[in-house]
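Peer 1: One structure is given below, represented as C-alpha cells, and several questions about it will come after.
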Amino acid sequence: MADSDSDASRNENILTDSFLHLEEIDVNLYRGVNLFHPTGARAVYGGQVVAHALRAAYTTVQSEHHAHSVHCYFLKGGSADNPILYYVDHTREGRTYCNRNVKAIQDGAAIFTMQASFKKAETDVYTHQYSMPDVPGPEGLLSSLEIMERQLKSDNVSERRKQYLEKRLTEKVTYENRPVNEQYSSKEEPMAPFTYNWVRALGHIGDDSRMHQCVAVYLSDSILDVAVLPGGIHGTNSRRRMFMTSLDHSVWFHNPFCIDEWMLYEKESPHCGDGRAMTLGRLWKRDGTLAMSVAQEGVVRTFKSSL
C-alpha cells in the first residue's frame, strides 16, 4: 500500500527487514515469511514472491553479476498462513552471463517459477531509448492513501466500496504512490487504459543496488489494474465486478536506479479479451533515464453473478 510524506523513518525497515526478509535453511534453499495478503486479493501479493525469488537467486551469484531480466509464472495462489520455500537451481555459469531458475513451493506444491539472467557490466558506444513522458512531478499530487481517505468521506461511495477502503487504510505502508491523474485511483469513470504514477519506497533502502532491484520488482506488480480502467468498475452506476490475478510477470533492468527516490511508473494495457489482459510498464528516473521495463499478463474476468 502507498502513502504520502508521513514519518518515513518508522517505515525504514518494513520492506528490507520484514516483507523481503529471507531465511537460508539449506544450500540453495530459502524460506519466506511475513507474507502480505492485500485486501481484496485472493492470495499473497505476487510482487513479494517475485522479490523473494530474486533475493534468493542473488545469494548464489558473484557480486559483479547483476540481474538484467526475470521471467516469472504464477502457478497457484500462495497463502499467508504458511511459509514459502524457494529452491534455486544453478542453470548456467558464464563469464559475462549466468542464469538461475527459482521454484517457490508451499505445502508441497509449486506455486511460482522464475528464470533470472545476470550479467557483468559492460559499455558500448551504441545506445538509444524512448523519451520520458512529459507529466507533472510528484510535488503537490495527492497520494493514493489521501485519495482513498477522500473517497471514504464521499456521500456517493457504496457500502461495498466503503468496507474495502476501510480495510485498505489499515494495511502496512511500504511505498508512496502518487497518481498523476487522481481519477486513476478511484476507477469510478471509464478511462483509457494507460496511466502515470510517481512511486518510491519508504525509508532508506541503502547502497546495495541489488536490493533496489528487489524492491522495484516488489512495486512493479501493481500494474494489472490498468486493464480495468475502461470499465469504470467502482462508479456508483456500475454493476460490474472484476476478478483479477496475475499469470506471468517479466522485468528487464536497463540502468541503475534508487527506488527510494521518486520514479515515474508508466503503465498501459494494449489488449484485454478472452478473460486475459496484457499490461506493459516502464519505470523512469526523474532525469529521464529509462530504468526498467515490465510486462504482465493476467486473468481479468467479469464476475457473472454480478451481471
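Peer 1: Go through (1) at pLDDT 95 or above; (2) buried (at least 16 other Cβ atoms within 10 Å of the Cβ); (3) aliphatic (A, V, I, L, M) one by one and return the number of the condition LEU35 breaks.
Peer 2: Single failed check for LEU35: (1).
Peer 1: Let me ask something additional. Of a type in the set (D, E, K, R) and either within 20 Å of the chain's Cα centre (by Cα) or surrounded by fewer than 16 Cβ atoms within 10 Å (Cβ to Cβ) (or both): does that describe LYS119?
Peer 2: Taking the combined requirement at face value, the residue does not satisfy it.
Peer 1: Quick one: how many residues across region 134-156 are touching a helix residue (DSSP H, G or I) at 6+ places or on another chain (Cβ under 8 Å), crowded, with 18+ Cβ neighbours inside 10 Å and not polar (S, T, N, Q)?
Peer 2: 2
Peer 1: As an exercise: evaluate PRO230 against (1) in contact with a Phe, Trp or Tyr (Cβ under 8 Å, 6 or more places away or on another chain); (2) farther than 30 Å from LYS120 by Cβ and give the number of the one condition it does not meet.
Peer 2: (1)
Peer 1: I've got another one for you. Could you grab me the full set of residues in region 143-173 that are in contact (Cβ under 8 Å) with a residue 40 or more places away in the chain and either in contact with a Phe, Trp or Tyr (Cβ under 7 Å, 6 or more places away or on another chain) or small (Gly, Ala, Ser) (or both)?
Peer 2: SER143, SER144, SER158, listed by residue number.
Peer 1: Here's another thing I want to ask about it. Is it true that ASP287 is farther than 21 Å from PRO193 by Cβ and either without any contact (Cβ under 8 Å) to a residue 12 or more places away in the chain or over 16 Å from the mean Cα position of the chain (by Cα) (or both)?
Peer 2: Criteria met by ASP287.
Peer 1: If you check VAL173, VAL135, VAL180, which single one turns out to be closer than 23 Å to ASP260 by Cβ and modelled with pLDDT under 80?
Peer 2: From the options VAL173, VAL135, VAL180, the qualifying one is VAL173.
Peer 1: Residues of region 46-81 being under 20 Å from VAL251 (Cα atoms), touching a helix residue (DSSP H, G or I) at 6+ places or on another chain (Cβ under 8 Å) and not polar (S, T, N, Q), which ones?
Peer 2: Matches in region 46-81: GLY47, VAL50, ALA51, LEU54, ARG55, TYR58, HIS66, ALA67, VAL70, CYS72, PHE74.
Peer 1: If you don't mind, there's one more thing I want to ask. Of all residues in region 199-222, count the ones that are under 14 Å from TYR45 (Cβ atoms), of a type in the set (Ser, Thr, Tyr) and not in a loop (DSSP other than H, G, I, E, B).
Peer 2: Going through region 199-222 one residue at a time, the tally reaches 2.
Peer 1: Taking region 247-279 on its own, how many of its residues are assigned to a strand (DSSP E or B), without any contact (Cβ under 8 Å) to a residue 60 or more places away in the chain and crowded, with 17+ Cβ neighbours inside 10 Å?
Peer 2: Adding up the residues that qualify gives 3.
Peer 1: If SER222 satisfies every condition in (1) over 19 Å from VAL50 (Cα atoms); (2) out of contact with any Leu (no Cβ under 7 Å at 6 or more places or on another chain); (3) of a type outside the set (Phe, Trp, Tyr) but one, which is the exception?
Peer 2: So the condition that SER222 fails would be (1).
Peer 1: Give me a count of the residues in region 82-125 that are farther than 16 Å from VAL61 by Cβ and either in contact (Cβ under 8 Å) with a residue 40 or more places away in the chain or in contact with a Pro (Cβ under 6 Å, 6 or more places away or on another chain) (or both).
Peer 2: Number satisfying all stated conditions: 7.
Peer 1: Mind checking which residues of region 56-75 are under 15 Å from the mean Cα position of the chain (by Cα) and buried (at least 20 other Cβ atoms within 10 Å of the Cβ)?
Peer 2: VAL70, CYS72, PHE74
Peer 1: Next question, about the same structure. Taking the options VAL70, VAL50, VAL61, name whichever one is assigned to a loop (DSSP other than H, G, I, E, B) and touching a Phe, Trp or Tyr at 6+ places or on another chain (Cβ under 9 Å).
Peer 2: After applying the criteria, what remains is VAL61.
Peer 1: Can you tell me which residues in region 280-298 are in a loop (DSSP other than H, G, I, E, B) and among the small types (Gly, Ala, Ser)?
Peer 2: Answer for region 280-298, where residues must be in a loop (DSSP other than H, G, I, E, B) and among the small types (Gly, Ala, Ser): just GLY288.
Peer 1: Right, here's the next one. Taking TYR196, is it of a type outside the set (Gly, Ala, Ser) and part of a strand (DSSP E or B)?
Peer 2: yes
Peer 1: Could you tell me which of the residues THR127, THR96, THR91 is under 19 Å from ALA291 (Cβ atoms) and more than 25 Å from the chain's Cα centre (by Cα)?
Peer 2: THR127
The values are calculated or read from the model by the stated rules, or taken from the named source; none is laboratory data. Since this is a predicted model, take the numbers as computed values, not measurements. Neighbour counts are summed over all protein chains in view; Cβ atoms, including those assigned to glycine, are modelled from backbone coordinates with ideal geometry.
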